Ligand code: HEC
């Protein structure tokens with residue numbers, strides 16, 4: 001069991017390392033590397049490029065971005081508790097939603113962005 005979770009952790013880390021190398025290469029050639037990197041890490045960009053894969057459609061039973069009820073229920077335990085589970089990853093969710101390069105603050109901002117979108121979405125029924 002322990003070995004299994006170590007392996008699970010290693011996968012996103014390996015992907016992150018590759019992405020980092022690619023980002024460094026891209027940054028070296030880009031005219032405004034810091035602007036590009038910052039844009040890619042904004043809460044909205046992170047959600048739209050990464051989290052949406054599962055949270056857009058509810059894939060693997062991820063709470064959908066427009067599901068106010070689900071997010072309200074989950075957020076009732078507090079943003080820190082919510083973030084902690086998501087940072088570690090659980091059930092169908094990879095650690096940090098598959099973005100191990102994000103800091104805790106950046107990851108929390110992405111969660112908050114999704115939560116805000118959920119609670120401001122029109123009620124479904
Ligand atoms: C590969 C699919 C997938 C991706 C990509 C993904 N998630 Fe998730 N996420 C899930 C699933 C599935 C759950 C439900 C897990 C559960 O209820 O135990 C979940 C649950 C969550 C929760 C709620 C955790 C809780 O304690 O209830 C948060 C917060 C979250 N994700 C944030 C994110 C953020 C932020 C991103 C983007 C950086 C992201 N997720 C990307 C699949 C994904």
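Every number here is computed from the coordinates shown, using simple stated rules; none is lab data. Just so we're clear, the structure is a prediction, and the values are computed from it rather than from any experiment. Glycine also receives a Cβ, built like all others from the backbone with ideal geometry; neighbour counts cover every protein chain displayed.
Residue by residue through segment 72-85, note down the ones that are near the ligand (Cβ under 8 Å from one of its atoms) and either in a loop (DSSP other than H, G, I, E, B) or within 22 Å of residue 121 (Cα to Cα) (or both). Correct list: 74, 77, 82, 83. Kindly indicate whether residue 68 is buried (at least 17 other Cβ atoms within 10 Å of the Cβ) and within 20 Å of residue 120 (Cβ to Cβ). Criteria met by residue 68.
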